[in-house]
Each structure stands twice: as structure tokens, then as C-alpha cells.
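Worksheet for the structure shown next.
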Amino acid sequence: MITTGVDIIQISRIEGLMADKKELFFNKLFTEKEIDYINKRGSSPKTVAGLFASKEAVSKALGTGIGKVGWKDIEVTHTDKGKPIVTLSPSVDDLLDELGINRFDLSISHDGDYAIAFVIGYHA
């Protein structure tokens, strides 16, 4: 099976969340590795928006949205060259088996006040 997910978010929305409740927001949505990445990138709202959109896109590719699969069940890291990598927690293994998916390819882009993420899930 092949599945896809896409999400777009207005970066100013993330700026508002970061201004009001940055620490709570980060700790609710992001893993330690993701928070380290965000901090290394200067806590840029653009970076945060890209990661947020990525998690939403992956949840859509799984067919669940955020809820059955939690924010921290989806982790987005990057290769040394910057390619985003999706890793899912073991709690999602049964769903992956049901869907016949074991790999995700993710692309993140930014333009103006928007960040977008597109993901393809498939069996490699």
C-alpha cells in the first residue's frame, strides 16, 4: 500500500504559540531530539512550523490524525545533509503492520508565511 499526507501551516500561528507558551508547546509536541534541533536552529518559528506540519502530514498518512497517534509518537530528525527522516514510536507498530507500511519519505518547504510538509508512506 502507498499512502500520503500533507499539511500546511501559517508560520505566524506558530509565532503566537511560541510567544504565549513556548516551553509548554515544545514539551507537548516535540521529542528531546526535535527540541535540540529547534534550539540549534535558533528556535526559528519557521523551523518549528515545518516540524509541526510534518507531524500532521504523517498522522494523515497513517489515516488517524493526531489523537490515536500522539505528537511524540512521530519524530522528525535530519541527516547530516538536512534530509528529514521520520521515525515512529513502537506504539504505532500495529498500525504500520495493518497498513503494510514500513517507510516514509518526507519533504518540508517554506515560502513567505507558510510551511508545508508532504509525506509518502510505503513498504520498501
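Set the Förster radius R0 to 25 Å, insert the Cβ-Cβ distance between Lys21 and Ser107 as r into 1/(1 + (r/R0)^6), and round the FRET efficiency to 0.05.
Computed FRET efficiency for Lys21 and Ser107 comes out at 0.30.
Cα-Cα over 18 Å: which of Lys22/Lys83; Lys22/Lys60; Lys55/Lys83; Lys33/Lys72?
Among Lys22/Lys83; Lys22/Lys60; Lys55/Lys83; Lys33/Lys72, the Cα-Cα distance tops 18 Å for Lys22/Lys83; Lys22/Lys60.
For every other residue with a beta carbon closer than 15 angstrom to the beta carbon of Leu88, add +1 if it is Lys or Arg and -1 if Asp or Glu, then tell me the sum. Don't jump to the answer; show the numbers that get you there.
Values: positive: Lys33, Lys55, Lys60, Lys68, Lys72, Arg103; negative: Glu34, Glu56, Asp73, Glu75, Asp93, Asp94, Asp97, Glu98, Asp105.
Result for the neighbourhood of Leu88: -3.
Distance in nm between label sites at His123 and Asp80, each 7 Å beyond Cα in the beta-carbon direction?
With each label placed 7 Å out from Cα toward Cβ, I get 3.4 nm.
About the Cα centre of the range 3-122, how large is the charge dipole given +1 on each Lys and Arg Cβ and -1 on each Asp and Glu Cβ? Please answer in debye to the nearest 20.
280
When the convex hull of the C-alpha atoms of the range 3-122 is computed, what volume per residue in Å³ does it have?
Given the Cα convex hull of the range 3-122, per-residue volume reads 97 Å³.
Once you keep just the Cα pairs under 8 angstrom separated by 6 or more residues, what percentage relative contact order results for the chain?
37
For the range 55-111, how big is Rg over Rh, using alpha carbon atoms and the Kirkwood form of Rh?
Using Cα coordinates only, the ratio equals 0.97.
For the range 3-122, with the dipole built from +1 on Lys and Arg beta-carbon atoms and -1 on Asp and Glu ones, taken about the Cα centre, which of Leu106, Ala57, Pro45 lies farthest toward the positive end?
Pro45
On C-alpha positions alone, give me the angle between the axis of helix 11-29 and the longest principal axis of the chain, in degrees, nearest 10.
Value to nearest ten degrees: 70.
We did not get these values from a lab; they are worked out from the coordinates using the rules stated. Just so we're clear, the structure is a prediction, and the values are computed from it rather than from any experiment. No Cβ is skipped: glycine too gets one built from the backbone with ideal geometry, and neighbour counts run over all protein chains shown.
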